[in-house]
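**Q** Structure in structure tokens, see below.
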Amino acid sequence: MKNFFNGRHPAWGLRRPASLKDNLHTILHGSNQEKERVKGKFFYMADTPNFMKKLGLAGEYFSVRYGVIARHQGKDADHRLTKQNWLDLCGKIADPLAIVLICEKFRLFTDVQVNGRGVVVCVDVKNTGKNLSVNSVSTAFGYRGRLVTGEILYKSKKMTPEQTALLDRPDAMSLPPVQETDLNIS
């Protein structure tokens, strides 16, 4: 994969992508010349916690490709995440409210908000070769609560009763904002 690794991955001796946090301003607001330098590259978001690896998100870390973010800027309001939304996702992607498996793809429900809706991150596990898998973000959007059938793999203990009730209903998985509580995941 061309331009995939920019920094060494400690476990494999391979290079980890450059940080999304360090490159997000260029991706969203850079000149055409600046954007050309990052076009096609992948960016590191967060390490994958062990509990997620056990659920099937086997990648060592989460990454997102330049094109995924750039493509979102021209979409509808639920897909237009702000710079702060993307930065928040870097911290929240490893601490979701729920994880659902749908057609061999993972959806991670977060408490990051866009247009008053909880942001859902869709993730594919990709093998990059050399014994390294990466959890690649394919899209992120404010969830409207359309009918979704899928296997709920994980529910956070910090979910409010209202959020839990929404997940338990097969026809509405739109999560309202979370209340601050402690979360102990091992």
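**Q** How about the stretch 24-63: which of its residues are more than 19 Å from Cys122 (Cβ to Cβ) and of a type in the set (Gly, Ala, Ser)?
**A** Across the stretch 24-63, the qualifying residues are Gly30, Ser31, Gly40.
**Q** Against the definition (without any contact (Cβ under 8 Å) to a residue 40 or more places away in the chain, closer than 25 Å to Thr164 by Cβ and out of contact with any Phe, Trp or Tyr (no Cβ under 9 Å at 6 or more places or on another chain)), how does Asp95 come out, yes or no?
**A** On the way: without any contact (Cβ under 8 Å) to a residue 40 or more places away in the chain: no; closer than 25 Å to Thr164 by Cβ: yes; out of contact with any Phe, Trp or Tyr (no Cβ under 9 Å at 6 or more places or on another chain): yes.
It is false that Asp95 is without any contact (Cβ under 8 Å) to a residue 40 or more places away in the chain, closer than 25 Å to Thr164 by Cβ and out of contact with any Phe, Trp or Tyr (no Cβ under 9 Å at 6 or more places or on another chain).
**Q** To continue, here is another question. Would you please name the residue that is modelled with the highest pLDDT, looking only at residues in the stretch 95-108 that are surrounded by fewer than 20 Cβ atoms within 10 Å (Cβ to Cβ) and either touching a Ser or Thr at 6+ places or on another chain (Cβ under 8 Å) or basic (Lys, Arg) (or both)?
**A** That would be Asp95.
**Q** Something else now. Scan Leu28, Leu87 and give me the residue that is under 15 Å from the mean Cα position of the chain (by Cα), at pLDDT 90 or above, surrounded by 15 or more Cβ atoms within 10 Å (Cβ to Cβ) and not in a strand (DSSP E or B).
**A** Matching residue, one of Leu28, Leu87: Leu87.
**Q** A further question on this structure: Could you check the stretch 48-74 and list, in sequence order, the residues that are surrounded by fewer than 17 Cβ atoms within 10 Å (Cβ to Cβ) and in contact (Cβ under 8 Å) with a residue 40 or more places away in the chain?
**A** Going residue by residue through the stretch 48-74, those that are surrounded by fewer than 17 Cβ atoms within 10 Å (Cβ to Cβ) are 49-51, 53-56, 58, 67, 70-71, 73-74.
Correct list: Pro49, Asn50, Phe51, Leu55, Gly56, Ala58, Ala70, Gln73.
The values are calculated or read from the model by the stated rules, or taken from the named source; none is laboratory data. These figures come from a predicted structure and were not determined experimentally. Note: ideal-geometry Cβ built from the backbone for every residue, glycine included; neighbour counts use all protein chains shown.
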